Each structure stands twice: as C-alpha cells, then as structure tokens.
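Q: Sharing a structure here in structure tokens format.
The values are calculated or read from the model by the stated rules, or taken from the named source; none is laboratory data. Fair warning: this is a prediction, and the values are worked out from it, not measured in the lab. Positions of Cβ are generated from backbone atoms using ideal geometry, with glycine treated the same way; all protein chains shown enter the neighbour counts.
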Amino acid sequence: MSKALVAYFSASGTTAKAAKVLAGAVEADLYEIKPAVPYTSADLNWTDQQSRSSVEMKDKRSRPALADGDAPVAGHDVIFLGFPIWWYVAPTIINTFLERYDFTGKTIVLFATSGGSGLGKSSEGLKDSAPGARILEGRMLNGRLDPAELKAWAEGLKL
C-alpha cells in the first residue's frame with residue numbers, strides 16, 4: 001500500500017482514538033479535520049432540534065467551516081476518512097473537507113464510530129463532494145481495536 005493518510009473529524013474524542021490506532025496500524029500520516037468553531041456539548045445534543053448539529057444535519061447544503069486548509073491530501077493516494085455517525089450519515093463537515101481539496105484519482109476508505117448505528121448511507125451522501133475519487137464503504141471502528149487486525153483489514157482492501 002502506498003503511504004496513506006488517516007484524516008478524521010472527532011467531536012467528542014471517540015473517533016480520534018480510533019483514527020490514531022488505525023494510523024499506527026497502517027503506518028499512515030494523521031490529520032485532524034477541525035471545525036473553525038469547535039462543537040460544544042450543547043451543539044452535539046441530538047435530542048435538541050435547535051442544537052447546532054441538529055440544524056446542520058437537517059440542511060444537506062450545510063457546510064461548516066474548517067479551521068484550516070492545510071491537509072496533506074495531495075501527497076497521498078489513499079485516504080482513510082473517519083467520522084462519527086450523525087443521523088445515520090457522515091456529519092456535513094466531512095462534505096466541507098471533501099469539497100476543499102482535489103481527490104481526483106484517489107481512493108477514500110470510510111471508517112466511522114457510533115453508539116449504535118452502522119455507516120448507513122454515508123458513502124452516498126459524500127460521493128458528490130469528491131468527484132473523481134473512488135469511495136470505499138470501509139467499516140465501523142468501535143470499541144477496543146486490534147492494530148494487527150486493522151492492518152490485515154487494510155491490506156485486504158482493493159486499493
């Protein structure tokens with residue numbers, strides 16, 4: 001596998017932990033996707049219809065601003081892209097990230113964390129934001145992760 005990048009968004013730290021284990025397992029560079037305005041616990045209250053995350057997820061055109069624009073995407077052919085599952089899909093900041101860079105000819109492997117759901121329709125909701133990229137469904141990375149098992153999984157992908 002060519003040198004990979006693990007890029008991730010983590011609102012509460014759970015996805016960050018998974019991304020770090022994955023990056024170590026596949027010997028990839030690591031990049032955190034940070035929002036220009038960090039999410040507070042009130043912003044993440046999915047039971048509040050007026051919370052920031054609820055409002056963003058209701059609007060498919062929502063594109064939360066990024067804190068920076070210096071992700072090292074250009075130097076990598078394979079990007080493992082991680083995020084927490086919000087409302088059965090990727091948070092819209094992932095669309096912001098994909099639309100910020102050119103992923104033409106790159107392979108994007110999705111991974112996610114969730115308290116109870118799978119990847120849902122995440123790839124479907126992201127494909128238009130990364131024209132020219134190949135997006136692979138990937139997998140959920142919940143709970144205790146085994147680096148050797150993650151390495152074997154990554155090596156088994158058709159990259």
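Q: For Thr14, all conditions in the list (1) modelled with pLDDT of 95 or more; (2) β-branched (Val, Ile, Thr); (3) over 14 Å from Pro84 (Cα atoms) hold save one; what is the number of the exception?
A: Here Thr14 meets the rest and fails (3).
Q: Please go through region 97-141 and give me each residue that is among the polar types (S, T, N, Q), more than 11 Å from Ile85 (Cα to Cα) and in contact (Cβ under 8 Å) with a residue 40 or more places away in the chain, ordered by number.
A: Answer for region 97-141, where residues must be among the polar types (S, T, N, Q), more than 11 Å from Ile85 (Cα to Cα) and in contact (Cβ under 8 Å) with a residue 40 or more places away in the chain: just Thr107.
Q: When the residues of region 104-123 are filtered to those that are over 15 Å from Pro91 (Cβ atoms) and modelled with pLDDT under 95, which remaining residue is surrounded by the fewest Cβ atoms within 10 Å (Cβ to Cβ)?
A: Per the criteria, the residue is Gly116.
Q: Right, here's the next one. Considering each of Ile85, Ile94 in turn, give the residue that is touching a helix residue (DSSP H, G or I) at 6+ places or on another chain (Cβ under 8 Å), among the β-branched types (Val, Ile, Thr) and free of Cβ contacts under 8 Å to residues at least 60 places away in the same chain.
A: Ile85 is the lone residue from the list that is touching a helix residue (DSSP H, G or I) at 6+ places or on another chain (Cβ under 8 Å), among the β-branched types (Val, Ile, Thr) and free of Cβ contacts under 8 Å to residues at least 60 places away in the same chain.
Q: May I ask you to verify whether Ala133 is under 18 Å from Val73 (Cα atoms), among the aliphatic types (A, V, I, L, M), touching a Ser or Thr at 6+ places or on another chain (Cβ under 9 Å) and at pLDDT 95 or above?
A: yes
Q: Here's something else I'd like to know. Which residue is nearest to Lys3 (Cα to Cα), if the candidates are limited to region 53-72 and must be at pLDDT 95 or above and surrounded by 15 or more Cβ atoms within 10 Å (Cβ to Cβ)?
A: In this case the residue turns out to be Ala71.
Q: Within the bounds of region 18-39, is there any residue that is closer than 19 Å to Ser122 by Cα, touching a Leu at 6+ places or on another chain (Cβ under 9 Å), of a type in the set (Phe, Trp, Tyr) and surrounded by 13 or more Cβ atoms within 10 Å (Cβ to Cβ)?
A: Checking region 18-39: not a single residue is closer than 19 Å to Ser122 by Cα, touching a Leu at 6+ places or on another chain (Cβ under 9 Å), of a type in the set (Phe, Trp, Tyr) and surrounded by 13 or more Cβ atoms within 10 Å (Cβ to Cβ).
Q: Can you tell me how many residues within region 114-145 are more than 21 Å from Pro64 (Cα to Cα), part of a loop (DSSP other than H, G, I, E, B) and hydrophobic (A, V, I, L, M, F, W, C)?
A: 3
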